[in-house]
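The values are calculated or read from the model by the stated rules, or taken from the named source; none is laboratory data. Nothing here was measured: the structure is a model prediction, and the numbers come from that model. FYI the Cβ positions are ideal-geometry reconstructions off the backbone, even for glycines, and counts take in every protein chain you see. Protein only, heavy atoms only, side chains kept; ligands, DNA and RNA dropped before computing areas. Shrake-Rupley method; radii C 1.70, N 1.55, O 1.52, S 1.80 Å.
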Amino acid sequence: VIVMKKKIKIVVSYLFVFLGIAVLVSSEWLVTGFGNEDFEQYLYHLFGPTIGSNLDIVFQYFKECMPQILLILGCIIFVHWFVSSYFKNTSFFLEVSWRGTIVRKIRLSGIGIYKKHILLFAILFFGISSYYALNRIGFISYVIDKSNYNTIYEDYYVRPDEDLLTFPEEKRNLIVIYIESMENTYASISDNGQMDIDYIPALTQLAKDNLQFSNTERLGGAQTIYGTTWTAAGLVSTSSGVQLHAQIDYNTTDLVSKFLPNLISLGDILEEEGYHQVFMLGSDADFANRSKYYSEHGNYDILDYKWAKENGLIPEDYSVWWGYEDSKLFEFAKDELLQLAKDDQPFNFTMLTADTHFVGGYLDSSCATPYDDQFKNVLLCSSNMIADFVSWIQEQDFYDNTTIVLTGDHLTMDHEWIVQNASDENRTIYNAFINSAIDTENNKNRIFTQFDLFPTILASIGVDIDGNHLGLGTNLFSDLDTLPEELGYDYFSKQLAMNSRYYNNHFVYGIVD
């Protein structure tokens, strides 16, 4: 029985050591691959629906992390065996003296102490490893931030009520193209990017030829900020002027069964104005609650991966990357736009690409491969596809009364690629406004975030905004300061990381004052 207890103690100790190694290696893998700027994105995807997610990242985790974990564990087991076998008779003496005279000698066995307390050592190792890992991925600061409450929404949030908005007599069509992870970093240094070669030349040219809001005199864009750093959060922030908080009970209670109730978004506004609205993407819209957001806020037609299969556009068993590739997405989008243009009502066509998603992107069979790095080839190909699609739109009859908005949904999450190829500093999200209803000379040297795109997109289709503030955003066509310009970017971001009673009551639980 004693021998069995010792064996069980050793096995349990190994288990704690394994878990400690696992959390250490996993945290380093997460930070290396994703960065640790916004812990909330981990929570959102952990507790949100994972239907339609790309499992490549899971396979990559096991491929890269498990060998490290098992190798380190193997080394520790070997050391344990070596110490236990070759030093089992080793002992030392602890001398107790009084006024220079040794009064007692205590014989201690070194290996005996180690064996007696091995489980304690293992648990201690696991505890220290867990704390380090949680701090590394931002959980500790997340808990500290959430224990405090901001008043940003009480002080600055402007509810987009209809009495603040005046639409033109002839309503313009709107096409919003969210380009997965598209940032200005990929442009050349000469254009204020960070690359020796411009890997998105067509997008750079679109920004130069049209209107781009920039944080510099040259190419630039929106700065990422807390609660906007993953796809679902990017879609919400740019179309509603608010951040996206992760709610652990999002899909488990009736209280929060709706996606951000009481929120007024771009889709809600345009639905009231009679727009036919479509959200098209090549992945499963159920992933990360995107279908709930667009169906509940604007009654969009959801044309996703499932829709494409149901309508025979792709075979039932077809599966590439996150669903189907962008080359097909743009072709399907052309057909849909031509159908929308036949109707008398104005339309809002929103689409989301996926080829430039990390890790490595998806290299379409039609893409040229001038570079050794796959992601660089993917960036070049995606840039050209988007430019070709925009050119096609410009050739259509409906273009004259249509505004096109190009924007990244967030910065790339491939932190490792950025570290290897560029600097993690001064990265901004790409944007370009094409055929806007209005123009401005106030588009350079701005400090702005995705929140500001919400009123700016409305202004670009000719909507007059009383006060030029909606949500937490400022109409960039105006000469008013954005909140990061007024409050300071660091202060604004720190406040957004805190808890918010207004946000919880109004947007999570839908409580109306």
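Mean residue ellipticity at 222 nm from the helices of the chain, using -39,500 (n - 2.57) per DSSP H segment of n ≥ 4 over the full residue count, to the nearest 500 deg cm²/dmol?
-13000 deg cm²/dmol
So, in nm, how far is label Tyr371 from label Leu73 when the simple model puts each one 7 Å beyond its Cα toward the Cβ?
Taking the two extended label points, one gets 3.8 nm.
If you take Rg/Rh (Cα atoms, Kirkwood Rh) from the coordinates, which of (1) 0.96; (2) 1.09; (3) 1.02 do you get?
Checking each listed value against the structure points to (2).
Let me check the size of segment 137-241 from its C-alpha atoms; what are the radius of gyration and Dmax in Å?
Expressed in Å, the Cα Rg and Dmax of segment 137-241 come to 18.3, 52.
Dipole of segment 370-513, Cα-centred, from +1 at each Lys and Arg C-beta and -1 at each Asp and Glu C-beta, to the nearest 20 debye?
Approximately 360 debye in magnitude.
So if R0 is 45 Å, what FRET efficiency would Glu273 and Asp479 give, r being the distance between their Cβ atoms, rounded to the nearest 0.05?
The pair Glu273/Asp479 has a calculated efficiency of 0.95.
With only Lys, Arg, Asp and Glu charged, each at its Cβ (+1 for the first two, -1 for the last two), find how big the charge dipole of segment 269-361 is about the Cα centre; round to the nearest 20 debye.
Roughly 180 debye, rounded to the nearest 20.
Segment 295-402: which trypsin sites (Lys or Arg not before Pro) are DSSP loop and have at most 11 other beta-carbon atoms within 10 angstrom?
The qualifying sites: there are none.
Identify, among Gly20, Leu30, Gly267, the residue whose Cα sits farthest towards the positive end of the charge dipole of the chain, taking +1 on the Cβ of Lys and Arg and -1 on the Cβ of Asp and Glu, with the dipole about the Cα centre.
Gly20
Could you do me a favour and compute the accessible area per residue for the chain, 1.4 Å probe, result in Å²?
Ligands and nucleic acids excluded, the figure is 46 Å² per residue.
Apply 1/(1 + (r/R0)^6) to the Cβ-Cβ distance of Val419 and Glu169, taking R0 = 45 Å, and write down the FRET efficiency to the nearest 0.05.
0.30
Do any cysteines of the chain lack a neighbour Cys whose Cβ is under 4.7 Å away, and which are they?
Cys65, Cys75
Among Lys171/Lys342; Lys63/Lys306; Lys208/Lys376; Lys306/Lys328, which pairs are too far apart, with a Cα-Cα distance over 25 Å?
Lys63/Lys306, as the Cα separations exceed 25 Å there.
At a 1.4 Å probe, what is the % contribution of carbon and sulfur to the accessible area of the chain?
Carbon-and-sulfur percentage of accessible area, whole number: 55.
Taking the Cα centre of the chain as origin, work out the dipole magnitude from +1 charges on Lys and Arg Cβ and -1 charges on Asp and Glu Cβ, in debye rounded to 20.
Around 5220 debye, computed over the chain.
Just subtract the alpha-carbon distance of Asn299 and Asp490 from 0.36 nm times their residue separation and send over the number in nm, one decimal.
Result for the pair: 65.2 nm of gain on full extension.
R0 = 30 Å: FRET efficiency of Asp344 with Tyr318, Cβ-based, nearest 0.05?
It comes to 0.30.
What angle do you read, to the nearest 10 degrees and between 0 and 90, between the alpha-carbon axis of helix 118-136 and the longest principal axis of the chain?
20
Among DSSP beta bridges whose residues both lie in the chain, state the antiparallel percentage, nearest 5.
Given both bridge residues lie in the chain, the antiparallel proportion sits at roughly 50 percent.
DSSP loop GluC sites (Glu not before Pro) in segment 422-485 with at most 13 other Cβ atoms within 10 Å of their Cβ, which ones?
Here the GluC sites (Glu not before Pro) that fit, given the DSSP loop and packing criteria, are Glu425, Glu441.
Find the centroid of the Cα atoms in segment 133-198 and in segment 285-330, then give the distance between the two in whole Å.
Distance between centres, Cα-based: 24 Å.
Could you state the number of Å between the C-alpha centres of segment 264-281 and segment 449-513?
19
Could you run the Karplus curve 6.51 cos²θ - 1.76 cosθ + 1.60 with θ = phi - 60° over segment 203-213 and give me ³J(HN,Hα) per residue in whole Hz, x for Gly and Pro?
Going residue by residue, I get 5, 4, 5, 4, 5, 6, 7, 10, 9, 10, 8 Hz, with x marking Gly and Pro.
Can you tell me the 0 to 90 degree angle between the C-alpha axis of helix 2-34 and the longest principal axis of the chain, rounded to 10?
30
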